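Where a number appears in this text, it was derived from the coordinates with a stated rule and is not lab data. Since the structure is predicted, the reported quantities are computational estimates derived from the model, not experimental observations. Here the Cβ is made from the backbone with ideal geometry for all residues, glycine too, and neighbour counts use every protein chain on show.
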Amino acid sequence: MYDFTTPIDRTGTGSIKIDFAPEPVKGSGLVPLTIADQEFAVAPPIREAIKAAADRGIFGYTYADKAYRSAVNGWMMRRHNWDPSGFKLVTTTGVVPALSLAVAAFTEPGEGVVIQSPVYMQFAHAVRINGRRIVENPLKNVNGRYEMDYEDLDEKTRPDDVKLFLLCSPHNPVGRVWSREELTRLGEICIRNNVLIIADEIHNDLLMNGAQHTVFASIPGMAEHSVTCTAVSKTFNLAGLGCSNIFFADPSLSEKFKSLSDRFGSGLVPYFARAATIAAYEESAGWVDELNDAVYKNFLTLKAFIAKELPMLSVTELEGTYLAWVDMRALGLDNKALEKLTLDHGLALDEGYLFGENGSGFERWNLALPAAQLDKALSRLKAAVDSLKLSSFDA
């Protein structure tokens, strides 16, 4: 039994979420529900492994050695029924840098890269910063559940200058865990149109209510046409250690990627990340199970509160990630007004428009925090909505 209830004071640690929180929220007594790291202490085996590594007293250059690779492979086989031992592993300082490296390595300036909005804002950033062209294949919101638009995807990927598809699986921010059938259909379209798939699977262990993650490369015929991006950071709350694992079935793709990565010196494994990764994957499975239970209970609390207290709002069902997607369009506010409303009531959320135009009117909630803190946030949400005094909500 692990502790997912005790709040931890991160003030003064350089935390982006805490120390650089919006001014109206600083000192309000509530952590921001923004950046996707957790407000939970890491699993005890990870802390012990890092302490033991520190006690050695030398923090030199480190790489993905046999022990590291064995831990990574073992986790993927046990947790996801996928054996990556035959894949080339390239480590990077994070999945976000890996996405940018992939865009730069596998496309030319001006070529098209497909993203499925609303989607994690770093997808669009990786395309823009490399001088490539964003090709949007928007997800369809069907009665509050998001689905892929395959007809649009087929049309958008037919032009010869569209070369890459950035897949978010599980999806951030809408919380979908794509089925094997959905991923297969997507893959078939991309392969037919000669489009390489970069699968960001950083949330692959964060699964709710019986959902099952499918590693894209595990689908027959997909491995050679894709790159798989994983990390311990989201699952085990280790983003500050800066390490991710990128898998390639095609040696020519790994060579292109690693050549560019080596140019920037981003291929080493940070010393403490090595120790943490091994402990995470070999000793911390039970902690992940309890984490998922705690997050899902928080989601059910959020969902029940909105249904009872704020029925004009709605929340998308959460299948994966610890990020809830709340529809606040019924308030009739534009993006700036909605952001001001929540900040004025001491509630910092990730604004939906940051994930694409079709995210306008939504808010992303980080649910990886103690339940008591979520309860405080929900009270502030109700106070914010009540302050509008909209007569149409009185009924």
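Loop by DSSP (not H, G, I, E, B), at most 16 other beta-carbon atoms within 10 Å: where is the longest site-free stretch of the chain for trypsin sites (Lys or Arg not before Pro)?
On the way: sites that count: 10, 26, 56, 389.
With trypsin sites (Lys or Arg not before Pro) excluded where exposed in loops, the chain gives 57-388 as its longest stretch.
Going through the cross-link list 17/303; 303/382; 140/376; 17/258; 340/389; 234/297, which pairs have a Cα-Cα distance over 21 Å in this structure?
Values: 17/303 24 Å; 303/382 13 Å; 140/376 32 Å; 17/258 31 Å; 340/389 16 Å; 234/297 18 Å.
In this structure, 17/303; 140/376; 17/258 lie more than 21 Å apart at Cα.
For the modelled label position 7 Å from the Cα of residue 78 along Cα-to-Cβ, which residues of the range 255-297 have backbone nitrogen atoms closer than 16 Å? Backbone N within reach: 276-291. The stretch between residue 304 and residue 388, if pulled fully straight at 0.36 nm per residue, gains 28.1 nm over its current Cα-Cα span.
Per residue, the average separation of C-alpha pairs within less than 8 Å and at least 6 apart gives the chain a relative contact order of 24 percent. Straightening the chain between residue 250 and residue 65 buys 64.5 nm, computed as 0.36 nm per residue apart minus the Cα-Cα spacing. The length gained on full extension between residue 212 and residue 23, counted as 0.36 nm times the residue separation minus their Cα-Cα distance, comes to 64.1 nm. Result for the chain in a Gaussian network model with C-alpha springs under 10 Å: among 359, 346, 57, the largest mean-square fluctuation is at 57. With both labels modelled 7 Å from their Cα along Cα-to-Cβ, the residue 16 to residue 150 distance reads 3.6 nm.
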